[in-house]
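The structure appears below as structure tokens.
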Amino acid sequence: LRNIDDVTYTIQEATEEGPRTVGTLDEISAFTLAHTHAVYLHEGETYFVEKLDHDQKISFVRREGLDYYTSALTEQFIRIDETTREDTWRISHIHFGDVTVSITVTMFKKIKFGERNSIGYENLDLPTRHLETSALWLIPPETSLTACRRWGRVPADGLKGIVNVLVEVVPMYVMGDVSDIGGVLDSSNLG
């Protein structure tokens, strides 16, 4: 599913024989996996990304034995474009419809292999990408949020947990991969 985008980036390694294509990625994946100074993982090898060229749509890499990998940090916002179905699930309202997800890769962290220790961060200046897709959203009743606060808890923390569980479970029902499903906690459309 990640290759359905019209804009495709080539992952290219310079070799003595000339440029070699390591792989291809859609634009959003290139921004998160193959941005400048990222560590791109391919077939068990680590490649250091020297430059992500937006004009040529090429991520220039060099094979390098590194003891860390990188993980992009993003800001994501959702705009509801159209609600095609509404229902009630237990005490919450659920909706399904078309949305536009705005994704901005703001920085990345370096993580030591085997230890998961963060060994540094680096800011990125990449343009925001927009993904038109379908989404399911859940709106808990205000009474639940109030009760949660009364017990000294932060509702957003519990909702983040629900998002994480859904991202792991939904792929089993839609015949997809965990990487094909995303989850965002965003109430800006709901007042």
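The values are calculated or read from the model by the stated rules, or taken from the named source; none is laboratory data. Since we're looking at a predicted model, the values are computed, not measured. With ideal geometry, Cβ positions are generated from the backbone for all residues, glycine too; neighbour counts draw on all protein chains shown. Areas reflect the complete protein model, heavy atoms only, side chains present, ligands, DNA and RNA absent. Shrake-Rupley method; radii C 1.70, N 1.55, O 1.52, S 1.80 Å.
Points worth noting:
- Between the C-alpha center of segment 131-191 and that of segment 38-87 there is a gap of 23 Å.
- In the chain, helices alone account for a calculated mean residue ellipticity at 222 nm of -6000 deg cm²/dmol, with every DSSP H run of four or more residues adding -39,500 (n - 2.57).
- Mean shadow area of segment 76-169 over all directions, Cα convex hull, nm²: 9.1 nm²
- Compactness of segment 10-95 is given as radius of gyration and Dmax, 18.9, 63 Å, from Cα positions.
- Accessible surface area normalised per residue over the chain is 66 Å², counting heavy atoms of protein chains with a 1.4 Å rolling probe.
- Reach of residue 160 by Cα under 22 Å, taken over lysines that are not fewer than 8 positions away in the same chain: 109
- Dipole of segment 95-158, positive end: most advanced residue of 105, 121, 138 [Cβ charges, Cα centre]: 121
- Here the 3J(HN,Hα) profile of segment 135-151, calculated from phi with Karplus coefficients 6.51, -1.76 and 1.60 at θ = phi - 60°, is 8, 10, 10, 10, 10, x, x, 4, 4, 5, 5, 5, 4, 4, 5, 4, 7 Hz, Gly and Pro shown as x.
- Taking other residues whose beta carbon is less than 9 angstrom from the beta carbon of residue 118, and scoring Lys, Arg as +1 and Asp, Glu as -1, yields +4.
- The aspartates and glutamates whose alpha-carbon is closer than 19 Å to the alpha-carbon of residue 110, local same-chain residues fewer than 8 away aside, are 45, 50, 64, 67, 75, 122, 125.
- Taking 19 Å as the straight-line reach from the Cα of residue 112, none of the lysines fall in range once those fewer than 8 positions away in the same chain are excluded.
- For the chain, the Kirkwood estimate of hydrodynamic radius, built from reciprocal distances between every pair of different alpha carbons, is 18.9 Å.
- 0 to 90° range, to nearest 10: angle between helix 155-174 axis and the chain longest Cα axis: 70 degrees
- Charge dipole (Cα centre; +1 on Lys/Arg Cβ, -1 on Asp/Glu Cβ; no other charges) of the chain amounts to roughly 920 debye.
- Here the 3J(HN,Hα) profile of segment 112-122, calculated from phi with Karplus coefficients 6.51, -1.76 and 1.60 at θ = phi - 60°, is 5, 4, x, 10, 6, 7, 6, 10, x, 10, 8 Hz, Gly and Pro shown as x.
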